[in-house]
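Please find one structure pasted underneath; my questions will follow.
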There are 2 protein chains.
Amino acid sequence: MATTATRIRELIVTPIAFRDPPLLNASGVHEPLALRCVLQLVLEDGTVGLGETPGGTARLARLQAAAKAVVGMDVFQATAVSAAVDATLRSTEPSSHERGWITSAIEVACLDAQGRLTGRPVSDLLGGRVRDAVPFAAYLFYKWAEHPALDGDPAVGDDWGAALDPAGIVEQARVMQQRYGFRSFKLKGGVFPPDEEIAAIRALAEAFPGQPLRLDPNTAWTVSTSQYVANELDGVLEYLEDPTAGIEGMAEVARTAPMPLATNMCVIAWEHLRPALEQNAIQVLLTDHHYWGGLRRTRELAAVCEAFGIALSMHSNSHLGISLAAMTHVAATLPGLDHSCDTHYPWNSADEVIVPGALELRDGAVAVPTGPGLGVELDPEALDRLHRLYLTSGIRDRDDSGYMRSVRPEYEPGLPRW
Amino acid sequence: MATTATRIRELIVTPIAFRDPPLLNASGVHEPLALRCVLQLVLEDGTVGLGETPGGTARLARLQAAAKAVVGMDVFQATAVSAAVDATLRSTEPSSHERGWITSAIEVACLDAQGRLTGRPVSDLLGGRVRDAVPFAAYLFYKWAEHPALDGDPAVGDDWGAALDPAGIVEQARVMQQRYGFRSFKLKGGVFPPDEEIAAIRALAEAFPGQPLRLDPNTAWTVSTSQYVANELDGVLEYLEDPTAGIEGMAEVARTAPMPLATNMCVIAWEHLRPALEQNAIQVLLTDHHYWGGLRRTRELAAVCEAFGIALSMHSNSHLGISLAAMTHVAATLPGLDHSCDTHYPWNSADEVIVPGALELRDGAVAVPTGPGLGVELDPEALDRLHRLYLTSGIRDRDDSGYMRSVRPEYEPGLPRW
């Protein structure tokens, strides 16, 4: 069946930049522009499959190397395509996690193309959906009201305003809920001393009784601080995400924490699963198809979690609609998805590369697209605009800490901080 | 996309019987006829997807109950179809392993239909093949020359002759290799005292130097006998399969065995994986899509094995071409398949339900069909003939022990025997 028509003619990789608010985290603050790469996998018959992945100099170089490796391969032999990409990158990139970002983005583009060729939504190619809409959580951030004025740039605000204390976080949550109908909330922590973040979670619990809450300080805490926070938030958190670094540290926290621990930081490649499960370091895995090898690999990862009684949620970076579509398709097929998924989409959806209308956050969920492939169409003008923004911005790598230091020279990014 | 055309109109379940030689094993001897069920999943548009699974009264009843549950469902929502079948059976069948046989057969039929509808081979729907042909092992059995004369039936011989000692097994292996080109060999043991089977393996090693050998006594041995045999066959066996019963017993043998231990008996459902892996009871898992939930679940099972460093092979029961096609498709997509697969096909291929020509054992391998779906077509006349054979045979459940006792009334089926 490897007819000429289904062979890959070209993989076009387009780096883009889009606006991002000044969202605070344990490493600093989001810069005014976030970077992604858009993939267009062009087949001999002209079919185009789309992919999206985080940007950055090294990742862009890897994508460009991979693009050469896939030319002439059959788009339906997606496992073989991934293996070829992995082999190409292996000589220069020893980390399987880093190689995973590249194979993942290309696998999604292959599946989008397969769906277009067969007339089936990607979810059908993964076993079919077990839910018609995928629930997402409101992703709350401490944030400044505006990007500061630097190097002659004007200050850039947004319509979210500042959120720097419990009242600000609750207000942000209310707006998120009003706009999108979210029924669960995640606070990005690791920004303020733990007692302040405990107070913010308690304020959310009071404002939204019975609605699931999560806190994610991105390993800003020591083991003992993590144990303290876990104890303080007993009965309040759905799960506590990455309080401290490493499988061993998480395992130590897990021994006393009254709630499940979740991660998208200490278990990020297949070789991390065995030690994490043997040490009972995590009780929830935040899958992310962008680095686990793609959508089929995410299903397979879910099976590992099922065999070991690990619950499933989903991680997100700043992203646009191609990624949201891919996340929604695979999430729709996972019977064991126990928790609403994370998404940065409300922070970034103003700058979109896809034609509007295919994806909507409503009642805290995204309906699974039912058209062929991912069910989204690239907007070539938007892509061109965001690519030019990338070219003129001068930003080539994400640097939350460097940006923070440019505003507050005394900032010290080392972790754990508390 | 759940258009009317892709809805399931009917699932036709046809029990069949086909000739089986007098193959000896730890439970007795194969009866003159083996039982299977052929599934025809008929969609509203007339597309038919095929499945095949072992027969038997209870399994047939479960299939007929499941057949009612799937009517009206969308064939592309295969995960949801499996869940509906599982839910239907749960009230009367508490064993997830037993329910798995039914969901598996139906999932294969769904995938065959999906492939026919999309014009793609099933392997493409699973991620694409990573090999164009799947290697199988010669499946050697101690056997009688003929089925004995019983109840007025005449004795029924075959062209394989008897194999009751090392020389007979080596001769059978030579014929297998001449006819099909096999390059690896598995001996079904548990029939004669361990030293006789050790001698047979040593004779095979001498006759086929460097070619992988396996021995499978189907838990006929105690832990200490297993340890003895493992020690005796150090350096001779590729792996030792199910020497003793249970995860704990296998773990005890594994602690001293110089070769990997394999199983298709103590790890046969998802809930067995965690204890087996935690106890390091097995080093090779013999997958079998017929009971692990189907072809996609087999990929997911392979991922669990990958995460835990467990090697992969494949188990077989007596089967015909629909099952061989399904086994070949999924095996073709598994990057981690380390060993040749088992198949009984040479013992049963004379009675076939599919149109000849699609599948051939050549050079010890089966080329992956490249036509739509499984790539095989049902032969309605053959199906009818084998169904009538089932009806007139009076055989309704496999009973190797009862058949052996009818020939040798002193036979005692209890295990472990040595």
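The values are calculated or read from the model by the stated rules, or taken from the named source; none is laboratory data. Here the structure is a predicted model, which is why all the values come from computation and not from measurement. All Cβ positions, even for glycine, are placed from backbone atoms using ideal geometry, and neighbour counts span all protein chains on display.
Please state which one of B:A83, B:A78 is within 14 Å of another protein chain (Cβ to nearest Cβ) and buried (at least 22 other Cβ atoms within 10 Å of the Cβ). Break it down into steps so the answer makes sense when it comes.
Values: B:A83 fails: buried (at least 22 other Cβ atoms within 10 Å of the Cβ).
After ruling out the rest, the residue left standing is B:A78.
Matching residues to (1) closer than 26 Å to B:A109 by Cβ; (2) in contact with a His (Cβ under 9 Å, 6 or more places away or on another chain); (3) in the same structural domain as B:Q227 (by TED's automatic domain parsing):
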{"residue": "B:A251", "(1), (2), (3)": "no, no, yes"}
{"residue": "B:A262", "(1), (2), (3)": "no, yes, yes"}
{"residue": "B:I268", "(1), (2), (3)": "yes, yes, yes"}
{"residue": "B:R274", "(1), (2), (3)": "no, no, yes"}
{"residue": "B:Q283", "(1), (2), (3)": "no, no, yes"}
{"residue": "B:D288", "(1), (2), (3)": "yes, yes, yes"}
{"residue": "B:Y291", "(1), (2), (3)": "yes, yes, yes"}
{"residue": "B:R297", "(1), (2), (3)": "yes, yes, yes"}
{"residue": "B:I310", "(1), (2), (3)": "no, no, yes"}
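I need the full set of residues from the range A:293-317 which are facing chain B (nearest Cβ under 8 Å), on the phi < 0 side of the Ramachandran plot and part of a loop (DSSP other than H, G, I, E, B), in order please.
Hit for the range A:293-317 is A:F308, nothing else.
Restricting to the range B:347-390, and then to whatever is of a type in the set (D, E) and free of Cβ contacts under 8 Å to residues at least 24 places away in the same chain, can you tell me which residue is nearest to the other protein chains (Cβ to nearest Cβ)?
Within the range B:347-390, the first condition is being of a type in the set (D, E), and the residues that meet it are B:351-352, B:360, B:363, B:377, B:379, B:381, B:384.
Adding the requirement that they be free of Cβ contacts under 8 Å to residues at least 24 places away in the same chain leaves B:360, B:377, B:381, B:384.
Numbers: B:E360: 18, B:E377: 17, B:E381: 29, B:D384: 31 Å.
So, considering only residues that are of a type in the set (D, E) and free of Cβ contacts under 8 Å to residues at least 24 places away in the same chain, the one nearest to the other protein chains (Cβ to nearest Cβ) is B:E377.
A:D159: at pLDDT below 95 and not in a helix (DSSP H, G or I), yes or no? Steps first, please.
Values: at pLDDT below 95: yes; not in a helix (DSSP H, G or I): yes.
Criteria met by A:D159.
Hey, another quick one. Looking only at the range B:321-344, which residues are more than 12 Å from the chain's Cα centre (by Cα) and surrounded by fewer than 24 Cβ atoms within 10 Å (Cβ to Cβ)?
Residues satisfying the conditions are B:P335, B:G336, B:L337, B:D338, B:H339.
Let me ask something additional. Give the residues of the range B:125-145 that are surrounded by fewer than 24 Cβ atoms within 10 Å (Cβ to Cβ), hydrophobic (A, V, I, L, M, F, W, C) and away from chain A (no Cβ under 11 Å), sorted by residue number.
B:A133, B:F141, B:W144, B:A145
Give me a count of the residues in the range B:53-69 that are surrounded by fewer than 23 Cβ atoms within 10 Å (Cβ to Cβ) and under 28 Å from A:A332 (Cβ atoms).
4
Same structure again: Which numbered condition in (1) β-branched (V, I, T); (2) within 14 Å of another protein chain (Cβ to nearest Cβ); (3) free of Cβ contacts under 8 Å to residues at least 60 places away in the same chain is the only one that A:I102 fails?
Only one criterion in (1) β-branched (V, I, T); (2) within 14 Å of another protein chain (Cβ to nearest Cβ); (3) free of Cβ contacts under 8 Å to residues at least 60 places away in the same chain is unmet by A:I102, namely (2).
On to the next question. Does the range B:26-39 contain at least one residue that is within 14 Å of chain A (Cβ to nearest Cβ) and either closer than 27 Å to B:P121 by Cα or in contact with a Lys or Arg (Cβ under 7 Å, 6 or more places away or on another chain) (or both)?
Within the range B:26-39, not a single residue is within 14 Å of chain A (Cβ to nearest Cβ) and either closer than 27 Å to B:P121 by Cα or in contact with a Lys or Arg (Cβ under 7 Å, 6 or more places away or on another chain) (or both).
So which residues in the range B:357-378 are at pLDDT 95 or above and of a type outside the set (A, V, I, L, M, F, W, C), if there are any at all?
Within the range B:357-378, B:E360, B:R362, B:D363, B:G364, B:P369, B:T370, B:G371, B:P372, B:G373, B:G375, B:E377 qualify.
Just for the range B:6-46: of the residues that are surrounded by fewer than 19 Cβ atoms within 10 Å (Cβ to Cβ) and out of contact with any strand residue (DSSP E or B) (no Cβ under 7 Å at 6 or more places or on another chain), which one is farthest from B:Y403 (Cα to Cα)?
Filtering first and then ranking leaves B:D45.
Residues checked against (1) in contact (Cβ under 8 Å) with a residue 40 or more places away in the chain; (2) out of contact with any Ser or Thr (no Cβ under 6 Å at 6 or more places or on another chain); (3) of a type outside the set (G, A, S):
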{"position": "B:T57", "(1), (2), (3)": "yes, yes, yes"}
{"position": "B:L60", "(1), (2), (3)": "yes, yes, yes"}
{"position": "B:D74", "(1), (2), (3)": "yes, no, yes"}
{"position": "B:Q77", "(1), (2), (3)": "yes, yes, yes"}
{"position": "B:A83", "(1), (2), (3)": "no, yes, no"}
{"position": "B:T88", "(1), (2), (3)": "no, yes, yes"}
{"position": "B:P94", "(1), (2), (3)": "no, yes, yes"}
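Now, a different point. Look at A:E278 and say whether it is within 14 Å of chain B (Cβ to nearest Cβ), out of contact with any helix residue (DSSP H, G or I) (no Cβ under 7 Å at 6 or more places or on another chain) and closer than 18 Å to B:E278 by Cα.
Taking the combined requirement at face value, the residue satisfies it.
To continue, here is another question. Among the residues of the range A:407-418, how many are among the hydroxyl-bearing types (S, T, Y) and either modelled with pLDDT under 95 or within 27 Å of A:T14 (Cβ to Cβ) (or both)?
Total meeting the criteria: 0.
A:A325 fails exactly one of the following numbered conditions: (1) more than 14 Å from chain B (Cβ to nearest Cβ); (2) in contact with a helix residue (DSSP H, G or I) (Cβ under 7 Å, 6 or more places away or on another chain). What is the number of that condition?
Only one criterion in (1) more than 14 Å from chain B (Cβ to nearest Cβ); (2) in contact with a helix residue (DSSP H, G or I) (Cβ under 7 Å, 6 or more places away or on another chain) is unmet by A:A325, namely (2).
For the range B:230-246, does any single residue satisfy the condition of being within 14 Å of chain A (Cβ to nearest Cβ), of a type in the set (V, I, T) and crowded, with 24+ Cβ neighbours inside 10 Å?
No: the range B:230-246 contains no residue that is within 14 Å of chain A (Cβ to nearest Cβ), of a type in the set (V, I, T) and crowded, with 24+ Cβ neighbours inside 10 Å.
Also, I was wondering about something else. Just one of A:A34, A:A66 is over 30 Å from A:W221 (Cβ atoms) and of a type in the set (A, V, I, L, M); which is it?
Answer to the selection: A:A66.
Inside the range B:146-189, can you point out the residues that are touching a residue at least 60 places away in the same chain (Cβ under 8 Å), among the aliphatic types (A, V, I, L, M) and surrounded by 13 or more Cβ atoms within 10 Å (Cβ to Cβ)?
Residues satisfying the conditions are B:V156, B:M176.
Among (1) over 12 Å from the mean Cα position of the chain (by Cα); (2) on the phi < 0 side of the Ramachandran plot; (3) within 14 Å of another protein chain (Cβ to nearest Cβ); (4) not charged (D, E, K, R), there is one condition B:T287 misses while meeting the rest; what is its number?
All conditions pass for B:T287, except number (1).
Same structure, new question: Would it be correct to say that B:T256 is under 30 Å from B:R36 (Cα atoms) and among the polar types (S, T, N, Q)?
no
While we're on this one: Condition check: surrounded by fewer than 21 Cβ atoms within 10 Å (Cβ to Cβ) and touching a strand residue (DSSP E or B) at 6+ places or on another chain (Cβ under 9 Å). Does B:P413 satisfy that?
yes
Yes or no: the range B:379-394 includes at least one residue that is crowded, with 16+ Cβ neighbours inside 10 Å, modelled with pLDDT of 95 or more and among the acidic types (D, E).
yes
Same structure, new question: I'd like to check something: does the range B:110-124 contain any residue that is away from every other protein chain (no Cβ under 14 Å), modelled with pLDDT of 95 or more, in contact with a Leu (Cβ under 9 Å, 6 or more places away or on another chain) and farther than 20 Å from B:I268 by Cβ?
Yes: the range B:110-124 contains one or more residues that are away from every other protein chain (no Cβ under 14 Å), modelled with pLDDT of 95 or more, in contact with a Leu (Cβ under 9 Å, 6 or more places away or on another chain) and farther than 20 Å from B:I268 by Cβ.
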